[in-house]
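Since the structure comes first, as structure tokens, the remarks are kept for the end.
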Amino acid sequence: MDQARPAQRGNNLDDVRRNNLAIVLGLAHVRGRVSRAEVTKVTGLNRSTVGGLVAELVDLGLVVEQEPDAASHAGRPSAIIAPRPDIVAIAVNPEVDAVTIGLVSLSGKVLKRIRYDTARVPTPEEVVNIVTAVVAGMRGELERSFRTVGVGVAVPGLVTAEDGEVVVAPHLDWHNVPFSAMLSDALGLPVVSANDASAGITAESTFGSGREANDHIYLNGGASGIGGGIVINGALYPGVSGFAGEFGHSLVNSGGVLCHCGAYGCLDTEVRQSALLAAVSLDAADSEQLESVLVAQFARSEGPDAAVLELVNRQIGFLAESLRGTVNIFNPELVILGGFLGTLYAVAPELLESGVRDRALKGPREDVRFARSELGLDLLMIGAAQLAFAPMLANPASIDKALGKAS
């Protein structure tokens, strides 16, 4: 999604200036480095106005100005604007087998990622305790070297947009949990929570495969199952309460098993990370090795083991069946696959693409292309951090109230 797209114009000069500040900061955030000349061209604002906006962002401690490489520019070089490297967000992703905590900079770079494996499915209280302990261990570094905007949480479940309540995270067995409030109370920081796949598509749309696509679908596969996100005309479509994108509960097998949602034959029940791990003799704690092991098997001259090949073909077939409906309904230009679904696509891309095109309608199937997530294991850390950065990106001057000016 285009973070540089102008916000709704306000009714007074303060609103206009706030929106313009957000546009300039958004350009630096998404691009990492952007020249004043580029900002002037993209925004249509005059040079003096851009200069004033940049000066205000520098004063707020959100960006720095750097000297350009004069050798690569004809004429008078334009100063380069970049996000301050000390502005960070804490990212959290609770799963059935682990809690992952990350530290992410305003430029979208993951500075630290810690996976804390759990012996059982963690309760909300246990996740709060784990995150609190990890953040306490980083406290000295955070206070010495960074300014922390807040915390973003990518939850494998349904989360209300207005208050971050986890309505249901079925695999975690969480129901009506005010998780944002719980974690905020423990850390003394603002916390924003959202569905993990929605966070994932935000990250991919900003920094990954979806940067150039206005209409795309993202499907993520994790230990808790499959979710997704929808971007229409460059904007995330959340649904009325933020629950849109539950692709894991599309019907793919009329003779399938009972899903926790109450239906039979859902994608969630037929395409499982746990089955793939078992097929290649990996434990849940080794899930990050799944792709390298599967790719190595498919790269062998004799091909993968028969049982592994059969399982991969079966899961890709069900995934293609689900995507058939997605392509027919949404007519997207791009489908992005993340998590273990990205792994399935990586080992047999032609099988998945032909499976969808053989099933989908002629028009939509000819428009769509496929890609895997570019952000890999950092995806949900970046997506969760985007949740925390979002209020500041919308109103950069609010950094004064939250953090005070940078020294």
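The values are calculated or read from the model by the stated rules, or taken from the named source; none is laboratory data. Quantities reported herein were computed from a predicted structural model and do not represent experimental measurements. Reconstructed Cβ throughout: ideal geometry from the backbone, glycine too, with neighbour counts over all protein chains shown. All accessible areas refer to the heavy atoms of the entire protein, side chains included, with ligands and DNA or RNA removed. Shrake-Rupley method; radii C 1.70, N 1.55, O 1.52, S 1.80 Å.
Per residue, how much accessible area does the chain have with a 1.4 Å probe, in Å²?
Each residue of the chain exposes 44 Å² on average to a 1.4 Å probe.
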note = Answer in debye to the nearest 20: the dipole magnitude of the chain about its Cα centre, from +1 Lys/Arg and -1 Asp/Glu charges placed on Cβ, is 1260
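Once fully extended, how much extra length lies between residue 66 and residue 211, figured as 0.36 nm per residue of separation less the alpha-carbon to alpha-carbon distance?
Here the segment from residue 66 to residue 211 would lengthen by 49.7 nm.
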Exposure of residue 125 as accessible area (Å², to 10), given a probe of 1.4 Å and all protein chains = 100
query = What does the accessible area of residue 330 come to, in Å² to the nearest 10, when a probe of 1.4 Å is used?
reply = 80
ask   = In whole percent, how big is the carbon plus sulfur part of the accessible area of the chain, probe 1.4 Å, protein atoms only?
value = 51
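Helix-only mean residue ellipticity at 222 nm, the chain, DSSP H runs n ≥ 4 weighted -39,500 (n - 2.57), per residue, nearest 500. What is it?
Computed ellipticity for the chain at 222 nm equals -13000 deg cm²/dmol.
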message = Once you order the gyration tensor axes a ≥ b ≥ c over the Cα atoms, which shape class does the range 302-407 get: rounded for a/c under 1.5, otherwise prolate or oblate by comparing a/b with b/c?
response = oblate
remark   = the range 187-201 and the range 325-371 have their Cα centres apart by a whole-number Å value of 28
inquiry  = Quick check on the range 212-373: take the gyration tensor over C-alpha atoms, sort the square-rooted eigenvalues as a ≥ b ≥ c, and tell me if it's rounded (a/c under 1.5), prolate or oblate.
reply    = prolate
task = For the chain, calculate the relative contact order in percent as a whole number, restricting contacts to Cα pairs under 8 Å that are 6 or more residues apart.
result = 18
remark   = Checked against the positive end of the charge dipole of the chain (+1 on Cβ of Lys and Arg, -1 on Cβ of Asp and Glu, about the Cα centre), the farthest of 249, 90, 262 is 90
task = Calculate the length of the line joining the C-alpha centroid of the range 170-184 to that of the range 102-127, in whole Å.
result = 15
task = Pop the C-beta distance of residue 19 and residue 132 into the FRET formula with R0 = 41 Å and round what comes out to the nearest 0.05.
result = 0.65
request  = Please express the shape of the range 13-83 as an equivalent ellipsoid: the semi-axes are the square roots of 5 times the eigenvalues of the C-alpha gyration tensor, given largest first in whole angstrom.
outcome  = 20, 13, 10
Additional length obtainable on full extension of the chain from residue 55 to residue 283, 0.36 nm per residue less Cα span = 76.9 nm
key: Magnitude of the charge dipole, the range 254-407, Cβ model with Lys/Arg +1 and Asp/Glu -1, debye to 20   = 480
request  = Heads up, I need the accessible area for residue 378: 1.4 angstrom probe, whole protein in place, Å², nearest 10.
outcome  = 60
note = So, with points 7 Å from each Cα along the Cβ direction, the residue 33-residue 143 label distance in nm works out to 3.5
note = Candidates 231, 16, 177; GNM for the chain (alpha-carbon contacts under 10 Å) flags as most fluctuating 16
key: Nitroxide proxy distance, nm - points 7 Å out along Cα→Cβ at residue 367 and residue 111   = 4.2
inquiry  = Just to verify a number: FRET efficiency for residue 181 and residue 394, C-beta to C-beta distance, R0 = 25 Å, to 0.05?
reply    = 0.70
task = Rank these by accessible area, largest first, 1.4 Å probe: 163, 173.
result = 173, 163
inquiry  = Which one, 44, 28, 80, is farthest towards the positive end of the dipole of the range 13-83 when Lys and Arg carry +1 and Asp and Glu -1 on their Cβ?
reply    = 44
request  = Using +1 at the Cβ of each Lys and Arg and -1 at the Cβ of each Asp and Glu in the range 212-373, identify which of 296, 222, 280 lies farthest towards the dipole's positive end.
outcome  = 222
message = Taking amide H atoms as placed 1.01 Å from N in the peptide plane, list the residues 5 or more away in sequence, or in a different chain, whose amide H sits under 5 Å from that of residue 209.
response = 374, 375
query = Mean shadow of the range 81-156, computed from the convex hull of its alpha carbons, in nm²?
reply = 5.1
message = So if each residue of separation counts as 0.36 nm, and I subtract the Cα-Cα distance between residue 358 and residue 296, what length gain in nm does that give?
response = 19.5 nm
